[in-house]
Amino acid sequence: MAYAELEPFGQQALAWQIAVVAATVANVNRGNRTKAFQPQDFMPEEPLLPEERAARLRQKFDAAMMGLGGRARRPGDPPRGQRRTPSTVREVPPRRGGRRIAEARRRGT
């Protein structure tokens with residue numbers, strides 16, 4: 001539509017008008033040392049494809065898990081809700097202390 005490029009109308013024009021108002025309000029209330037806002041800063045992003053949305057959401061989730069001390073799931077991990085089979089369980093080293101220390105104290109070593 002060539003006419004829409006010359007005279008924007010519809011959702012894009014409405015978004016631009018709202019962005020101009022938002023930038024004006026933000027610039028009136030900004031501090032002296034902060035950079036001035038532009039209407040482009042308030043324009044909505046283009047909608048993402050479902051695959052792109054899923055990838056971006058996965059990145060955010062992995063970052064949140066790592067920030068909370070967790071770990072991101074690896075491709076070889078079993079699906080959620082499925083129990084680990086013996087082939088996927090890691091060897092857990094024996095606990096330090098516990099019964100062995102108590103037995104050693106009783107023996108006096």
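The values are calculated or read from the model by the stated rules, or taken from the named source; none is laboratory data. Quick caveat, the model's predicted, so the values are computed rather than measured. For neighbour counting, all protein chains shown are included, and Cβ atoms are generated from backbone atoms with ideal geometry for every residue, glycine included.
Observations on the structure shown:
- Flag if PRO8 is surrounded by 10 or more Cβ atoms within 10 Å (Cβ to Cβ), part of a loop (DSSP other than H, G, I, E, B), at pLDDT 80 or above and not basic (Lys, Arg): no
- In a residue-by-residue description of the stretch 80-103, the property of being assigned to a helix (DSSP H, G or I), modelled with pLDDT of 80 or more and surrounded by fewer than 10 Cβ atoms within 10 Å (Cβ to Cβ) applies to no position.
- Residue that is nearest to the chain's Cα centre (by Cα), among those in the stretch 36-61 that are under 18 Å from GLN17 (Cβ atoms) and among the aromatic types (Phe, Trp, Tyr): PHE42
- Of all residues making up the stretch 37-55, the number that are exposed (fewer than 10 other Cβ atoms within 10 Å of the Cβ) and either of a type outside the set (A, V, I, L, M) or modelled with pLDDT of 95 or more (or both): 6
- GLU45 being part of a loop (DSSP other than H, G, I, E, B) and of a type in the set (Asp, Glu): yes
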